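As structure tokens, the structure follows; a few thoughts come after it.
The values are calculated or read from the model by the stated rules, or taken from the named source; none is laboratory data. A quick note: this is a predicted structure, and the numbers were derived from the prediction, not measured. A quick note on method: Cβ atoms are made from the backbone with ideal geometry, for glycine too, and the neighbour counts reach across all protein chains shown.
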Amino acid sequence: MAVLDEIKHPWVRGWIDYGKAMGETRAILMVLQQRLIPVPEEARDRILACTDETTLETWIARSLTVHNTDELFD
């Protein structure tokens, strides 16, 4: 991962960041699905639209313990 972090070209960096965000959103949705937590379309859209790494990491951690998607976003 260190090699990817050293890439400076904005176009390449943007695609790498996008790929990371997509992986994190998929992880959140997968955890919620495996825990049998319903994900309304509005919540799914909000998760998929997020590209902020800190927010996504917070949601990943929360997805392990929440009882519904409202708790995910609190």
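In the range 58-74, the residue that is surrounded by the fewest Cβ atoms within 10 Å (Cβ to Cβ) out of those that are among the hydroxyl-bearing types (S, T, Y) and under 11 Å from I37 (Cβ atoms) is T65. When L4 is tested against (1) modelled with pLDDT under 95; (2) assigned to a helix (DSSP H, G or I); (3) within 12 Å of the chain's Cα centre (by Cα), exactly one condition is not met: (3). As a summary of the residue check, L72 satisfies the conditions (1) in contact with a helix residue (DSSP H, G or I) (Cβ under 9 Å, 6 or more places away or on another chain); (2) assigned to a helix (DSSP H, G or I); (3) at pLDDT below 95; (4) aliphatic (A, V, I, L, M) except for the one numbered (3).
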